[in-house]
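The values are calculated or read from the model by the stated rules, or taken from the named source; none is laboratory data. Because the structure is predicted, anything quoted here is derived from the model rather than measured. Every residue, glycine among them, receives a Cβ derived from its backbone with ideal geometry; neighbour counts consider all protein chains shown.
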Amino acid sequence: MRVIFLGTAGSMITKNRSNLAVLIDEDLLIDCGEGTTQKLLSILGDLTKIKNVLISHGHADHVMGLTSLIWAMWLVNRRTNDLQITGPEYIENLVISLLKLGYTPLDKLAFKIKYNSNPGDLENISYITTVHKPINYAYRVERKGKSVCYTGDTGPFRELVDFAKNCDLLIHEAAFPDELSDLAHTLHHCTPSDAGLLASKANVKILALFHWPDFFEGEESIFINQAKKTFNGEVILANDLDILEL
């Protein structure tokens, strides 16, 4: 399984990092923040390869790339095959609202968008609702004997341990440093130590931190060292276009 980090920034994009998106192999996209489409065009070229988009939740840094993605699929790649967008129960209203705000001529699209609010229907994909507002789904993808768990946004909670148990790669948010843990938890987010503790209890092989704040660019070792206080395994602070082969 190939995992490509397309965007890793937290709520604020930077000159080096786009908002959140991860590509698994060539067909599965998880989240679609601003900047995703350009990176997909440079990596894939043909966006018709993407069959399903999993959206964790409706915050702007996770979804604002959907409009440009759908337009590029239509106008650049002349897509005709169906696209499925999966997410929480509000996913269809959210996507249609974004498209209408951009005056997208929905009747002119040459492909059908199918919406799915029950990820449990998908083969080799499971999900759990995390501690966050609005409702956020964490996803687990299992392929070719490998497993990836993607948290989206979440505060610490015990059920994620069982959900991520023994996965090869845990992609976990680290929205605030350890010294701001009270603020992180109040806003339903995590610190590197929180992520490390989950990774340790779940016995994961690799912990990749994403959704890390712009004011720590150039000081990445701080987040890695904080995660290593609670996790003895491999820790990565993900940057845009990093690739992991599992």
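Scan the range 58-94 residue by residue and report those that are within 18 Å of Leu122 (Cβ to Cβ), touching a helix residue (DSSP H, G or I) at 6+ places or on another chain (Cβ under 8 Å) and not in a strand (DSSP E or B).
Asn81, Gly87 - these are the residues of the range 58-94 that are within 18 Å of Leu122 (Cβ to Cβ), touching a helix residue (DSSP H, G or I) at 6+ places or on another chain (Cβ under 8 Å) and not in a strand (DSSP E or B).
Just checking, how many residues over the range 202-223 are over 16 Å from the mean Cα position of the chain (by Cα) and modelled with pLDDT under 95?
Of the residues in the range 202-223, 10 are over 16 Å from the mean Cα position of the chain (by Cα) and modelled with pLDDT under 95.
Looking only at residues that are of a type in the set (A, V, I, L, M, F, W, C), under 10 Å from the mean Cα position of the chain (by Cα) and part of a loop (DSSP other than H, G, I, E, B) in the range 6-39, which one is surrounded by the most Cβ atoms within 10 Å (Cβ to Cβ)?
Per the criteria, the residue is Leu20.
Name the residue that is surrounded by the most Cβ atoms within 10 Å (Cβ to Cβ), counting only residues in the range 141-199 that are within 20 Å of Asn19 (Cβ to Cβ) and aromatic (Phe, Trp, Tyr).
It comes out as Tyr150.
Tell me, yes or no, whether the range 205-214 has at least one residue that is surrounded by fewer than 18 Cβ atoms within 10 Å (Cβ to Cβ) and either touching a Phe, Trp or Tyr at 6+ places or on another chain (Cβ under 9 Å) or part of a loop (DSSP other than H, G, I, E, B) (or both).
yes
Name every residue in the range 117-133 that is over 15 Å from the mean Cα position of the chain (by Cα) and either assigned to a loop (DSSP other than H, G, I, E, B) or more than 22 Å from Asp27 (Cα to Cα) (or both), in order of residue number.
Ser117, Asn118, Leu122, Glu123, Asn124, Val131, Lys133
Out of (1) assigned to a helix (DSSP H, G or I); (2) in contact with a Pro (Cβ under 9 Å, 6 or more places away or on another chain); (3) buried (at least 22 other Cβ atoms within 10 Å of the Cβ), what's the single condition that is false for Asn225?
Every listed condition holds for Asn225 apart from (3).
Starting from residues that are free of Cβ contacts under 8 Å to residues at least 40 places away in the same chain and touching a helix residue (DSSP H, G or I) at 6+ places or on another chain (Cβ under 9 Å), keep the ones in the range 14-26 and report whichever is farthest from His172 (Cα to Cα).
Step by step, filter the range 14-26, then rank; the result is Glu26.
Taking the residues in the range 40-54 that are among the hydrophobic types (A, V, I, L, M, F, W, C) and in a helix (DSSP H, G or I) as candidates, determine which candidate is nearest to Arg78 (Cα to Cα).
This residue is Leu47.
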